[in-house]
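Enquirer: Take a look at the following structure, please.
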Amino acid sequence: MSKGAAVTVAVPVLNEEATIARCLDAIVGQSYDDIVEVLVVDGGSTDATVAIAGRYPNVRLLQNPLRRQAHALNIALEEAKGDILIRVDGHAFIERDYVTRCVEVLRSTGAALVGGVVLPEGAGWIGEGIAAAMQSPFGAGPARFRCGGRAGWVDTVAFGAYHVDVARSVGGYDVGDVSEDSEFAFRMRRVGGVWFDPTIRSTYVSRGDLRGLATQYYRYGRMRSSTLRREPASMRPRQLASPLLVLGLLSPWRRRVGMAYALVLLVAALRERRFPRRLPGLLLATPVMHATWGAGFLRGFLGTGHGKRC
């Protein structure tokens, strides 16, 4: 890969009117000189997302009639003119050196897929509590892309950057009822590995209410179970914690299970000294995340669904 490798930035969107301008401003303002195109792949937005995106230079608008995010990413992968594709969500905002760091880390590590820290931000005490829970190892797990940590090989990263030809060689994203990011990362681990680097940084807008959070995590759990059924080797023991919690709460020992969980939650929350002001929201958001993810995971073994929307 030459120093000036051509980069395509892909942005799957669906009704991102509130954030798409900030997202594209961050992409346009990158320090990297060889971004050859920005592909905004729209899943049928009914707001002003497409109109706003169309005002930006170097943006090419593509349609995703099937609306699923995996389809949007495959459309971008097929259309990409760059040597490297970097995926950015429509409600995410990358640091000015994000593309530069992705290109450099791909070159220096030889990894198939690289990514970094993705920090959630929220508004109001509930939104801020949700953001804190998503950064907490107890709340969302120990994944380095959420909690930070040293550079190194990992199971998966959020968003991510990769060589277009490598991604095409593994077949792109699975469009079935799976967690497309985790499933894609699992296959990319076989052809070069997945590397996390904390100097690759971005933020994104997390859910702002508990109902939306519950819907999101139920979907995540359901799709993750589908991925594990297809790729059993991708399973990690920690992923059984939430399903076991749900089963415990449905069992005759539900009171003991509930009291034990509440105690562990309180201790874990009090140890999160980074978020003292967000503690009330965190205490509400964390059990919602665990219960709905666990329920979705269990439901995933009983049927199929429709995949994640853009």
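The values are calculated or read from the model by the stated rules, or taken from the named source; none is laboratory data. Note that the structure is predicted; figures quoted are calculated from it, not measured. For neighbour counting, all protein chains shown are included, and Cβ atoms are generated from backbone atoms with ideal geometry for every residue, glycine included.
Enquirer: In the stretch 4-60, how many are within 19 Å of SER202 (Cα to Cα) and of a type outside the set (D, E, K, R)?
Expert: Residues in the stretch 4-60 being within 19 Å of SER202 (Cα to Cα) and of a type outside the set (D, E, K, R): 24 in total.
Enquirer: Taking into account only those residues within the stretch 169-202 that are modelled with pLDDT of 95 or more and of a type in the set (Ser, Thr, Tyr), which is nearest to VAL246 (Cα to Cα)?
Expert: SER202
Enquirer: If you check every pair at least six apart or on different chains, which have Cβ atoms under 9 Å apart with a residue in the stretch 121-133 that is touching a residue at least 40 places away in the same chain (Cβ under 8 Å) first and a residue that is among the acidic types (Asp, Glu) and in a strand (DSSP E or B) second?
Expert: Pairs that qualify, where the first residue is touching a residue at least 40 places away in the same chain (Cβ under 8 Å) and the partner is among the acidic types (Asp, Glu) and in a strand (DSSP E or B), are GLY127/GLU121; GLU128/GLU121; ALA131/GLU121.
Enquirer: Let me ask you something else. Can you work out which of the residues in the stretch 98-127 that are under 26 Å from GLN216 (Cα atoms) and over 18 Å from the mean Cα position of the chain (by Cα) is modelled with the lowest pLDDT? Let's see the steps before the verdict.
Expert: As a first pass, look at the stretch 98-127 and keep what is under 26 Å from GLN216 (Cα atoms): 113-127.
Adding the requirement that they be over 18 Å from the mean Cα position of the chain (by Cα) leaves 123-126.
Details: ALA123: 83, GLY124: 86, TRP125: 88, ILE126: 91.
Going through the qualifying residues, I end up with ALA123.
Enquirer: Contact list please: Cβ distance under 9 Å, first residue in the stretch 209-220 and polar (S, T, N, Q), second residue surrounded by 14 or more Cβ atoms within 10 Å (Cβ to Cβ) and at pLDDT 95 or above, pairs at least six apart or on different chains.
Expert: THR215/THR292; GLN216/MET289; GLN216/THR292
Enquirer: Taking VAL166 as meeting all but one of (1) at pLDDT below 95; (2) part of a helix (DSSP H, G or I); (3) surrounded by fewer than 19 Cβ atoms within 10 Å (Cβ to Cβ), write down the number of the exception.
Expert: (1)
Enquirer: Moving to a separate point now. Please determine, by comparing only the residues of the stretch 68-93 that are of a type outside the set (Asp, Glu), touching a Cys at 6+ places or on another chain (Cβ under 8 Å) and closer than 18 Å to ILE20 by Cβ, which one is modelled with the lowest pLDDT.
Expert: Result: GLN69.
Enquirer: Does at least one position in the stretch 46-67 carry a residue that is in the same structural domain as GLY171 (by TED's automatic domain parsing), closer than 16 Å to HIS163 by Cα, of a type in the set (Lys, Arg) and at pLDDT 95 or above?
Expert: No, because not a single residue in the stretch 46-67 is in the same structural domain as GLY171 (by TED's automatic domain parsing), closer than 16 Å to HIS163 by Cα, of a type in the set (Lys, Arg) and at pLDDT 95 or above.
Enquirer: Hey, another quick one. What about ASN58, is it surrounded by 15 or more Cβ atoms within 10 Å (Cβ to Cβ) and of a type in the set (S, T, N, Q)?
Expert: So ASN58 does not fit the description; no.
Enquirer: Please enumerate the residues belonging to the stretch 60-96 that are within 19 Å of LEU113 (Cβ to Cβ) and in contact with a Pro (Cβ under 8 Å, 6 or more places away or on another chain).
Expert: Matches in the stretch 60-96: GLN69, ALA72, LEU73, ALA76, ARG87, ASP89.
Enquirer: Which one of VAL13, VAL28, VAL36 is in the same structural domain as LEU73 (by TED's automatic domain parsing), closer than 19 Å to LEU77 by Cβ and surrounded by fewer than 16 Cβ atoms within 10 Å (Cβ to Cβ)?
Expert: Checking each option against the conditions leaves just VAL36.
Enquirer: Restricting to the stretch 1-34, give me the number of residues that are more than 25 Å from ARG68 (Cβ to Cβ) and part of a loop (DSSP other than H, G, I, E, B).
Expert: Matching residues across the stretch 1-34 total 12.
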